[in-house]
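Novice: First the structure, which I've put down as structure tokens, then a few questions once you've had a look.
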Amino acid sequence: MCGIVGYIGKREAYPIILEGLKRLEYRGYDSAGIALYDGSDIKLSKTKGKVADLEAKAATEINTSGTLGIGHTRWATHGVPNDVNSHPHYSNSGNLVIIHNGIIENYESLKKELLKRGYTFESDTDTEVLINLIEDVKTNENVKTNENVKLGKAVQIALNQVVGAYAIAVFDKNKPNEIVVAKLGSPLAIGIGDEEFFIASDASPFLEYTKKAIYLEDEEMAIISRKKGIKIRKIKNDALVDPYIQELQINLEQIEKGGYEHFMLKEIHEQPNAIKDTYRGRLRAKEGIIKMSGIDDNLERILNANRIIVVACGTSWHAGLVSEYIFENLARIPVEVEYASEFRYRNPVITEQDVVIAISQSGETADTLAAIKLAKSKGAFVFGVCNVVGSTISRETHAGAYTHAGPEIGVASTKAFTTQITVLTLIALKLAKEKGTISNSQFHMHLQELELIPDKVKKALKSDSHIKMIADIYKDAKNCLYLGRGYNFPVALEGALKLKEISYIHAEGYPAAEMKHGPIALIDEQMPVFVIATKKGHYEKVVSNIQEIKSRSGKIIAIVTEGDEDVKYIADHVIEVPDTIESLTPLLTTIPLQLLSYHIAVMLDRNVDQPRNLAKSVTVE
Ligand code: F6R
């Protein structure tokens, strides 16, 4: 969690850092702060609240000039969100200042030692401990070596005593021509301009200035000097690293709202193109070919798998659940879908014959990453499905496939979900073909149907005003139930998650048949029940479940196949989606549920793109 930004160069740092923080607010938004150096002193302003609050405060509190600076937008881990716990943090001398994304796990023992040595702490954060540890190392080394130890050296020695995760940026007011950055477990990109450098958690803060970037690897640090450029070293053994400079492919428009009121709405509407981008170059329906290098290059290994274990969190876990139905049904490979956070601590049975598929939009989720490392240590082959190119998970896995959905900025995942399902469907179809578990005609039919999905999603999006009207009726509900069966059971879970996370209305997703084993007791005339009742699969069974709800006076909002005449007479409202084959229905049925949550949240005046207590990438356990 948390977003970090830094700048050193010829321009004024303040506007660059402030705009950068706004772009990184998806990573955390409970407090924000900035530290600038103007040639004589550090000027620091920080506050509880959003970057807009910082902007208002900084304008009255500090002179914002200076060509070097660092900024932070926070998702609290240690210490409540308040002004004091906000970053940046000073060292006791006031000479050093730091921003940090991550968690220092052994901060309490480090703090105890520092307290014994006379250090004092204003905040409850682990970060203030780290900056004082750096200061302590620097002071001790100065005495030991009888010379002024460089900041980079002090940072390196201190980080070798630290357990945890970090992306940090530090500067010293007595050495104001350099910023020292380091990374372990949290992302850190360095943008390289003309005699200027940008630091950020992702490239979005510097896209308009440069397309050249270095992504630091874990356990690397960089000394970024106004005069001498960049030097990258291994934190453990001080070895120099040759910087690998990447040419960025994303552009500014992709990270702007493009006329939509919220990123979430934009991203919902981007799904037809996002799905197309996901299968572009991979799916050749006419020729009956699916090309995916990550699979092609490891085909034997994957085909010989005893089973597939999917690890993921949140919405990505729901996409994984959909894939369980697809893999088992089409490719006849046994699948287990695991919450990464449970899997990693469960001492699971993993063998060298297992293939683990890790799904993650951000590619940074700490639990998913830990699950990958565990699976690798047991000899499993790990395949990543990520959206963010170059992310940690994409680099930690043996092979993988990107979803190519483009940047997803709204905290609630939408296009990531549908594009993850698209990638997983392609993989399942490819394996099914290779294994011979699907007939030629079925295979071709699936490919052709998949190619039609973007247009069908477009059509499903056209129900927007009807859905808005339904949202208005149910926006004041206190509880909601979401039901689905088979492929659409995970969609029910996802629908409920979308509603709770952005509207703060309690919602439960259930397999429709499980309703009578408990949740049916909740049903009365106050309870809206959203039922996915598309024509394929267990349609008749779902219709029976709808009858059961009806006879207990529940309000039924059904997602049905276009032209359905039966459910219309039982349900209070129906929302139609185009017809498709059963395995692809989740790509359509999820659309109205996304829109519904969106409209309810807007009507309730919630912060749709930045719901309370959440952050886009969860880089802590
Ligand atoms: C919900 C949501 C989260 C994420 C989860 C995993 O809308 O966005 O539940 O799906 O935090 O994140 P990734 O996919 O980045 O690993």
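The values are calculated or read from the model by the stated rules, or taken from the named source; none is laboratory data. These figures come from a predicted structure and were not determined experimentally. Glycine gets a Cβ as well: all are built from the backbone with ideal geometry, and neighbour counts include every protein chain shown. Heads up: the accessible areas ignore ligands, DNA and RNA and are worked out on the full protein's heavy atoms, side chains in. Shrake-Rupley method; radii C 1.70, N 1.55, O 1.52, S 1.80 Å.
Novice: Provide a single number: the residues in the range 27-59 that are within 29 Å of Arg226 (Cβ to Cβ) and open to solvent by 40 Å² or more (accessible area, probe 1.4 Å).
Specialist: 7
Novice: Taking Ser394 as the residue in question, decide whether it is away from the ligand (no atom under 11 Å from the Cβ), open to solvent by less than 10 Å² (accessible area, probe 1.4 Å) and not in a strand (DSSP E or B). If you could, list the steps in order and put the result at the bottom.
Specialist: On the way: away from the ligand (no atom under 11 Å from the Cβ): yes; open to solvent by less than 10 Å² (accessible area, probe 1.4 Å): no; not in a strand (DSSP E or B): yes.
Criteria not met by Ser394.
Novice: Could I ask something else about it? Of the residues Gly94, Gly102, which single one is at positive phi, assigned to a loop (DSSP other than H, G, I, E, B) and either in the same structural domain as Ala35 (by TED's automatic domain parsing) or buried (at least 17 other Cβ atoms within 10 Å of the Cβ) (or both)?
Specialist: Gly94
Novice: Of the conditions (1) within 16 Å of the ligand (Cβ to nearest atom); (2) among the polar types (S, T, N, Q); (3) out of contact with any strand residue (DSSP E or B) (no Cβ under 6 Å at 6 or more places or on another chain), Ser360 satisfies every one except a single condition; which number is it?
Specialist: Failing condition for Ser360: (3).
Novice: Also, I was wondering about something else. Taking the range 363-378 as the search range and keeping residues that are touching a helix residue (DSSP H, G or I) at 6+ places or on another chain (Cβ under 9 Å) and not aliphatic (A, V, I, L, M), which one is farthest from the ligand (Cβ to nearest atom)?
Specialist: Out of the qualifying residues, it is Lys376.
Novice: Same structure, new question: Does any residue of the range 307-323 turn out to be more than 24 Å from Gly102 (Cα to Cα), surrounded by fewer than 24 Cβ atoms within 10 Å (Cβ to Cβ) and assigned by TED's automatic domain parsing to the domain that holds Pro407?
Specialist: Yes, some residue in the range 307-323 is more than 24 Å from Gly102 (Cα to Cα), surrounded by fewer than 24 Cβ atoms within 10 Å (Cβ to Cβ) and assigned by TED's automatic domain parsing to the domain that holds Pro407.
Novice: Given the condition assigned to a helix (DSSP H, G or I), within 16 Å of the ligand (Cβ to nearest atom) and touching a residue at least 12 places away in the same chain (Cβ under 8 Å), answer yes or no: does some residue in the range 461-469 qualify?
Specialist: Checked the range 461-469: no residue is assigned to a helix (DSSP H, G or I), within 16 Å of the ligand (Cβ to nearest atom) and touching a residue at least 12 places away in the same chain (Cβ under 8 Å).
Novice: Continuing with this model, one more query. Might you let me know whether the range 252-267 holds any residue that is within 30 Å of Glu342 (Cβ to Cβ), away from the ligand (no atom under 16 Å from the Cβ) and of a type in the set (Phe, Trp, Tyr)?
Specialist: No, the conditions are met nowhere in the range 252-267.
Novice: Being more than 16 Å from the ligand (Cβ to nearest atom) and open to solvent by 60 Å² or more (accessible area, probe 1.4 Å) is the requirement here; does Tyr345 meet it?
Specialist: Against the criterion (more than 16 Å from the ligand (Cβ to nearest atom) and open to solvent by 60 Å² or more (accessible area, probe 1.4 Å)), Tyr345 qualifies.
Novice: Scan the range 261-273 and give yes if some residue there is in a helix (DSSP H, G or I), open to solvent by 40 Å² or more (accessible area, probe 1.4 Å) and either outside the structural domain of Val608 (by TED's automatic domain parsing) or not acidic (Asp, Glu) (or both), otherwise no. Before the answer, list the steps.
Specialist: If we filter the range 261-273 for residues that are in a helix (DSSP H, G or I), which is where we start, we get 263-269, 271-273.
With open to solvent by 40 Å² or more (accessible area, probe 1.4 Å) added as a condition, the list becomes 269, 273.
Narrowing further to those that are either outside the structural domain of Val608 (by TED's automatic domain parsing) or not acidic (Asp, Glu) (or both): 269, 273.
For the range 261-273, residues in a helix (DSSP H, G or I), open to solvent by 40 Å² or more (accessible area, probe 1.4 Å) and either outside the structural domain of Val608 (by TED's automatic domain parsing) or not acidic (Asp, Glu) (or both): present.
Novice: Only one of Lys456, Lys415 is open to solvent by 20 Å² or more (accessible area, probe 1.4 Å), under 16 Å from Thr590 (Cβ atoms), under 29 Å from the mean Cα position of the chain (by Cα) and not aliphatic (A, V, I, L, M). Can you tell me which?
Specialist: Lys456
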